[in-house]
Amino acid sequence: MDHPRVRVRFAPSPTGFLHIGGLRTALYNELLAKQQGGDFILRVEDTDRERFVEGGIENVCQSLRDCGVEPNEGVWLDGNGAIVERGDAGPYIQSKRKKLHSAYAQRLIKMNKAYYCFCTTERLQKLRQDMHAAGKPTMYDGKCRDLLANEAQKRVDEGEHHVIRLKLPKKGKIKIWDIIRDDIDFDWVFIDDQIIIKSDGYPTYHLAATCDDHDMKISHVIRGEEWLPSTPKHLFIYEAFGWTPPKFAHLPLLLNSDHSKLSKRQGDVAVTDYLAKGYLPEVLINFVALLGWNPTADQEIYTHDDLISLFDLAKVNKSGAVFNLEKLNWMNEHYLRKIPEERYFELTLPFIEGKTGDREFAERCLRLVRDRIQKPSEVEKLTAYFFEDQFDFSKVRLPWKTQTQKKAYARLQSICEPIKNADDALFRTSVSLETFIKKLIDQNGWSNGDTLWPLRVALSGREKSPTPFELLWVYGKKRSLKRLHDAIMSLSTSMTDDGNPFILPS
Ligand code: GLU
């Protein structure tokens, strides 16, 4: 009988921080569960005690929460950041299910589907070396496969070191049906008698995951492609117990741009790192969703809700998905321009807040650079000059092309007066400032270059910057006049007979 209700699980091992690939696996599980009105479970697979990383579970839960991909059952962080479990199919922390796993292993032994193996580490090592030297695949040679049951039991009772292995068929094939990959045949002859209980008494992943999936009534196992070769062993266990297996979907590998497997060595992989760098959670979701799947040919931007309604496991690609950082940056830029302004300020203000107590001024700075950034942190550099006390005009050219210092000085002087007398309302938009300045240019018969260049450099202290109208708008009247005054003073020091510099109003 098929599983009547969609129940999926994300089952990370807490061996480090949540990887970007893990986020995709979690997301695909969540998308299916939400679309089908089913359950999305977080199960922590921590039976490999040697690889356990302190804080790993918390990081997974927190990263999922930050990205809005939260399970509705299983492991969970409460309001105080403590790990708790909720749901009727627990415990959801695998190490707490050790007794259940041992009992299942015993049943497999009784059914002659598993056996005790007493081979020492030294023997296995030697075996591996010999096989390797002979150019054969390194596999267990089955020495303990056919020990008599009572003999093996006696050795166990006497306390001899042992593990438990699956007694897998040695010939024939097994067919697996995968939603993404269709039918796949595996030859049993290449599949090793998998250890299911280690010498420390803990189950290996294969036994634990399979039995837990059954006990938790998992309907679909959606996981990375690297688990595909393990699936025959899992199906063997389902068959041995007469259980209905879940449907399987193995997601394509994530690749670096050089098509090697995405790994830490080539940059960040932890979700936490991307969030800390200012990639928006909804961007990460949109981005990872498209690693191996795209619901339409002509669209890249999807909300989480869009993804839920469009999701189709059968349309996920088989071949590896390249992690394209430029696309991620482009997407972040796109979202930064689209989000409500309040949220944009929330994300970017922390980077410049310490530089001014004037929130409105800070907000104008942020508005100015909004179309020019891919990540919130970039606002700091792009707005830096607004907060500099004094510019060093010796490093830039204030006069335009052939304009003399004297003329640049005179031009800035002539602009200051009308700016000083202008109504404050003029500073509400850069458009009104543009009209105002251009009118001045017209009325006086000035040239654009001779006016706008010195004005812009005076306001930014740089030869490259946004337009002078935008700069005037961001500064407001008082700050603009201060900048112009500084520039005029700097020009005046290198001149002799050109009258008094403009006096800064108090
Ligand atoms: N614990 C495995 C992992 O770390 C889970 C594999 C599975 O989903 O079956 O990825």
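Quick notes on this one:
- Sulfur and carbon atoms: percent of accessible area, region 339-450 [1.4 Å]: 47 percent
- Computed log₁₀ I(q)/I(0) - Debye formula, equal Cα scatterers, no solvent, region 347-499, q 0.09, 0.16 Å⁻¹: -0.28, -0.88
- Within the chain: Cβ-based charge dipole about Cα centre, in debye rounded to nearest 20 (Lys, Arg +1; Asp, Glu -1): 700 debye
- Of Thr451, Thr383, Val53, farthest towards positive along the dipole that unit charges on Lys, Arg, Asp, Glu beta carbons give the chain: Val53
- Accessible area (Å², 1.4 Å probe, nearest 10) - Lys113: 70 Å²
- ³J(HN,Hα) computed for each position of region 285-290 - Karplus, 6.51 cos²θ - 1.76 cosθ + 1.60, integer Hz, glycine/proline x: 5, 4, 5, 5, 4, 8
- Accessible surface for Asp185 stands near 80 Å², nearest 10, in the context of the full protein assembly shown (1.4 Å probe).
- The calculated 222 nm mean residue ellipticity attributable to helices in the chain amounts to -13500 deg cm²/dmol, summing -39500 (n - 2.57) over DSSP H runs of n ≥ 4 and dividing by all residues.
- Near Lys247, the amide H atoms lying under 5 Å from its own belong to His220, Val221; only residues 5 or more places off or on other chains count, and H is placed 1.01 Å from N.
- If only the Cβ of Lys and Arg carry +1 and only the Cβ of Asp and Glu carry -1, the dipole of region 366-474 around its Cα centre is close to 340 debye.
- Candidates per GluC sites (Glu not before Pro) in region 113-170, loop by DSSP, up to 11 other Cβ within 10 Å: Glu158, Glu160
- Annotation for region 292-335 versus region 424-460: alpha-carbon center distance of 45 Å.
- Where His101, His132, His220 fall by accessible area, highest first, once all protein chains stay in place (1.4 Å): His132, His220, His101
- Distance histogram for the chain (every C-alpha pair counted, 20 angstrom bins, percent rounded to whole numbers): 19, 36, 22, 15, 7, 0
- Set of region 417-452 residues, backbone N closer than 14 Å to the point 7 Å along the Cα-Cβ line of Val396: 452
- Under 12 Å, Cβ to Cβ, from Asn29 - net charge with Lys/Arg +1 and Asp/Glu -1: +2
- Note on Lys401: aspartates and glutamates with a C-alpha under 13 Å away, same-chain residues under 8 apart excluded, are Asp450, Glu463.
- Annotation: cysteines of the chain without a disulfide-compatible partner (Cβ-Cβ under 4.7 angstrom) are Cys61, Cys67, Cys119, Cys211, Cys365, Cys416.
- Percent of Cα-Cα distances greater than 16 Å, calculated over region 191-241: 41 percent
The values are calculated or read from the model by the stated rules, or taken from the named source; none is laboratory data. It should be emphasised that the depicted structure is a prediction, and the values quoted were computed from it without experimental measurement. With ideal geometry, Cβ positions are generated from the backbone for all residues, glycine too; neighbour counts draw on all protein chains shown. The accessibility values were calculated without ligands, DNA or RNA, using every heavy atom of the protein model including side chains. Shrake-Rupley method; radii C 1.70, N 1.55, O 1.52, S 1.80 Å.
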